[in-house]
Each structure stands twice: as structure tokens, then as C-alpha cells.
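Colleague: For reference, the structure I am asking about is given below.
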Amino acid sequence: MTLAELKIGQDAVLRTIGGQGELRHHLLDMGLTPGTEVTLRKIAPMGDPIEVELRGYELTLRLADAAKIEVENVHETDRAARSEERHAPVPHPGVGELRKAPSYHDRKAGAEIAKGQPLHLALAGNQNCGKTTLFNQLTGSNQHVGNFPGVTVDRKDGT
Ligand SMILES: Nc1nc2c(ncn2[C@@H]2O[C@H](COP(=O)(O)OP(=O)(O)OP(=O)(O)O)[C@@H](O)[C@H]2O)c(=O)[nH]1
Ligand SMILES: [Mg+2]
């Protein structure tokens, strides 16, 4: 069965993460990796999106994306029993077809930028916090903005 079919209050263990390319990479980066236990917390009034809890934080997912994630070991929540063991940091799993470089998140590994070189910036923030709004202001772009988490899934570039 898939994550999209879970009922509120049920726990499950992620088995396979589907999707392709950037989307799959994004799902994995958000901590949706095989073997992770998730709890379905909420379903939006119109049935989409859904909110799951994993690794001690809440994540909102489109139903169509949740349907790409296979789960197993579905059971009633045992969240209280799990909460104590969640405080230790979890190392980045480094999985996914786009994750080739093991030093991807190693901040010390970067080379100094030469004078006159263009700066490459990335906007990072919680879902629905206004990243795309700021991106549009900075670049004059017209990327889609919505009062809804998970609007931007793919990478957007602008100058
Ligand atoms: N009040 C207020 N609302 C804002 C501000 N910036 C963005 N918004 C609104 O917040 C909502 C989300 O903005 P987006 O730019 O789509 O947010 P995002 O971080 O790109 O969202 P995702 O792509 O879903 O992660 C939209 O309804 C925006 O109009 C702000 O500075 N103040
Ligand atoms: Mg966005």
C-alpha cells in the first residue's frame, strides 16, 4: 500500500520511494527514506495535501506524491514510545540517483569565490514560507506562488 492510503493516527515504515529525478531527490532530501517510520497526522479539508510526521518533524505532501511512496508494517500509532529516541541527529542518508558527491553538504569543502565571479545563491526555508515570492522579486521571474505548501517542487533558476 502507499503513503496516500494511510489513515490518521496510523504509523507505517517506508519501503520504496518512487517518482523520478528531481522529485524523487526532493522526497529523499526531506527525510523520506526507506526504513523511516512515519505517522499520518492530518488530511486537508478537501483531502489533499496530507501531513505526516517523521524524524520528529511535520511534513506536508501532495497526495499524488504520497502515492509514489510504498509503505509496510502499517499499525496504530506508537508515537509516545518513539518520541524519546528522536533527539539524536540523523546523518544524511546520501541516497538517490542525483546524490553522487558524498561531500554535498560539507560546508568546509567549498572553494573560495574569485573576485568578479557571479555569486550563486539558493533560497532555503520551510514550505509555504515565501521563497518563491522572494525569488520572483529578486529575479523579475513569474514562478507560481500559492498559499499552499509544496507549490515549488523542481529547481528554479533566475538571474
Ligand atoms: N503576509 C505575507 N505573505 C507572504 C509573504 N511572502 C509570501 N507570502 C505569501 O505566502 C504564500 C506562500 O508563498 P510562496 O512564495 O509560494 O512560498 P514558497 O516558500 O515558495 O512555498 P513552496 O514552494 O510551497 O515551498 C503565498 O500566498 C504568498 O503570497 C510575506 O512577506 N508576507
Ligand atoms: Mg515556492
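The values are calculated or read from the model by the stated rules, or taken from the named source; none is laboratory data. Treat the numbers as computed from the prediction; the structure is a model and nothing was measured. So basically every Cβ, Gly included, is an ideal-geometry build from the backbone, and we count neighbours across all protein chains shown. All accessible areas refer to the heavy atoms of the entire protein, side chains included, with ligands and DNA or RNA removed. Shrake-Rupley method; radii C 1.70, N 1.55, O 1.52, S 1.80 Å.
Colleague: Is it true that some residue in segment 90-104 is open to solvent by less than 70 Å² (accessible area, probe 1.4 Å), within 12 Å of ligand 2 (Cβ to nearest atom) and at pLDDT below 90?
Modeller: No.
Colleague: Right, another one. Mind listing whichever residues of segment 54-79 are assigned to a strand (DSSP E or B) and open to solvent by 10 Å² or more (accessible area, probe 1.4 Å)?
Modeller: Across segment 54-79, the qualifying residues are 57, 58, 60, 70, 72, 73, 74, 75, 76.
Colleague: Can you tell me how many residues in segment 126-159 are on the phi > 0 side of the Ramachandran plot, within 10 Å of ligand 1 (Cβ to nearest atom) and either assigned by TED's automatic domain parsing to the domain that holds residue 59 or loosely packed, with under 12 Cβ neighbours inside 10 Å (or both)?
Modeller: Of the residues in that region, 0 qualify.
Colleague: Would you check which residues across segment 7-23 are modelled with pLDDT of 90 or more and within 13 Å of the chain's Cα centre (by Cα) and list them?
Modeller: If the condition is that a residue be modelled with pLDDT of 90 or more and within 13 Å of the chain's Cα centre (by Cα), then 17 is the only one that fits.
Colleague: Would you tally the residues in segment 1-53 being open to solvent by 10 Å² or more (accessible area, probe 1.4 Å), under 18 Å from residue 127 (Cα atoms) and assigned to a helix (DSSP H, G or I)?
Modeller: Selection size over segment 1-53: 6.
Colleague: Consider only pairs whose beta carbons are under 8 Å apart and that are at least six residues apart or on different chains; among these, list those whose first residue lies in segment 133-159 and is touching a residue at least 40 places away in the same chain (Cβ under 8 Å) and whose second residue is hydrophobic (A, V, I, L, M, F, W, C).
Modeller: So the pair list comes out as 150/61; 153/23; 154/23.
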